[in-house]
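Report on the structure given below.
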Amino acid sequence: MLKIWANASVNIEVAARLIEDFFRKSNFSVRQKRSDSNAIIDASNNVDKASFLIRIHNAENSFEVEFAPKEPISLRYFGNLLSTFGGGPFVLKRLRSEEAAVKIESEFWIYVSELVEEIRSVSKLK
């Protein structure tokens with residue numbers, strides 16, 4: 001999912017660091033690659049088997065954040081077939097992983113929205 005905030009000037013270093021902190025507080029291991037106007041955060045959690053790529057882009061007059069699962073959700077298509085042949089526990093484990101991923105994504109967007117609004121209000125005070 002990609003969200004764009006128009007008329008938002010956000011310091012990409014600060015935003016990337018705070019997004020990293022969000023994932024670390026949720027027990028994810030985090031790696032980051034950054035350039036002047038872009039950052040890519042790779043977050044993974046071995047317990048929930050959830051991993052995500054977060055792309056951050058700071059354009060001239062907008063701020064963009066993309067949140068994407070790293071793995072395709074293939075068991076959704078083959079789950080019934082797998083459970084028929086004794087793969088039920090694997091399907092259940094994958095469903096729990098997907099539930100955790102949906103929860104993290106929901107919390108992530110709330111956090112980023114609040115982060116952008118806070119940065120906007122601070123920059124207006126300057």
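Brief remarks follow.
- Estimated at 0.36 nm per residue, the fully extended path between W109 and R24 surpasses their Cα-Cα distance by 29.0 nm.
- Environment charge of R17, counting only residues whose C-beta is closer than 12 Å and scoring Lys/Arg +1, Asp/Glu -1: -1
- Residues S37 and A100, FRET efficiency given R0 of 35 Å [Cβ-Cβ distance, rounded to 0.05]: 0.65
Read the figures in this text as sums done on the coordinates, not as results from a lab. Just so you know, these numbers come straight off a predicted model, no measurement behind them. For neighbour counting, all protein chains shown are included, and Cβ atoms are generated from backbone atoms with ideal geometry for every residue, glycine included.
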